[in-house]
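These notes are about the structure you will find just below.
The values are calculated or read from the model by the stated rules, or taken from the named source; none is laboratory data. Predicted, not measured: the structure shown is a model, and the values here were computed from it. Cβ: placed from backbone, ideal geometry, glycine included. Neighbour counts: every protein chain shown.
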């Protein structure tokens, strides 16, 4: 009897290992995120550990079902072994996730789908797959054009974390409206909606785990990888994964530029490293912001020192200034860009026709002091402003508004009032 039990246990272990002999090769730039996990050992105490992992996944589940099974466990084991890379990714998420969360929330997409970008690209806006998928959300050119991303000799918006996230949200929303299931929508992001449709027809079912065997091999493992990544991003510390402390800029500004501006000149004006500027603006292929009056372009900059405002204003308005003759700071080599937290201050610069042209006085006062009993919504409404903009300009977290705090009401004045 003892020999029979031992034999049965051995055969069961073979079944588990066989079930986990998965092959995925989607992203060449992030080989460990979806690589073949054949070398991943199944936890010897799976019955015990599995209950812990399931409880943890249940505790973080929101709209997207986080099913726990041996496929998910394989990827949890895989990711938790790569502590250094996961530490770096968690560090990068401090910049990228607020962008994703805002865009997904506004589009009605579960914000937890932000973890999918790690499976796609390790949050690297310069990632390019072996088949040409590009950017943090790994769009192929055809799909990118369908969802409104521009690609020309100056810009590739697939690399823009903001624009690409809008496109990803639109795709996922379309897929969810067709399938009515977030895991199927996620699966279609990998293999396309038509592949999911064929798998549904063959399986006669409308959930991922029922149609899994009819999907392409890569997609069978794509959803388990996403669930595992969701786990690791929430419970990394339980596995001794500590977020990297990265050299983020404390604050940034977002400007809208309506003519051609050389990023090298902007870097000189700000007295900053050109590499810092390019990793905040990865979409510009030639380091030129190709803005136009009818199509202004976004430029994200580190929050400028007041002493640099005159030079920055001149550069953005095409005014000749001695700053253009200064050498650029040394560009440090970087294999993976480390961007900074971004705020969304709507500032537009219009090309100046006369260098000495006076700047019109702002419609609102530059600053306002919060009085007792006031809310930020009331203050914003009184001055005809969007409360989200006011929060962004002043870096005020939700639900916080200290009495007596001096807040900015007109960010344009910070640059134009010289």
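Miscellaneous remarks
- Helices (runs of 4 or more DSSP H) (entirely within the stretch 116-230) containing at least 1 residues that are more than 25 Å from residue 83 (Cα to Cα), at pLDDT 95 or above and out of contact with any strand residue (DSSP E or B) (no Cβ under 8 Å at 6 or more places or on another chain): 141-146, 161-179, 182-191, 193-203, 208-211
- Considering only residues in the stretch 159-184 that are without any contact (Cβ under 8 Å) to a residue 60 or more places away in the chain and farther than 23 Å from residue 212 by Cα, the one that is surrounded by the most Cβ atoms within 10 Å (Cβ to Cβ) turns out to be 164.
- Residue identified as more than 19 Å from the chain's Cα centre (by Cα) and not assigned by TED's automatic domain parsing to the domain that holds residue 139 among 181, 262: 262
- Taken over the stretch 234-259, residues that are within 10 Å of residue 299 (Cα to Cα) and over 17 Å from the mean Cα position of the chain (by Cα) amount to 4.
- Of all residues making up the stretch 185-202, the number that are surrounded by 19 or more Cβ atoms within 10 Å (Cβ to Cβ) and under 16 Å from residue 218 (Cβ atoms): 8
- Of the residues screened, residue 301 is one that is over 13 Å from residue 154 (Cβ atoms), part of a strand (DSSP E or B) and either within 22 Å of the chain's Cα centre (by Cα) or not assigned by TED's automatic domain parsing to the domain that holds residue 164 (or both).
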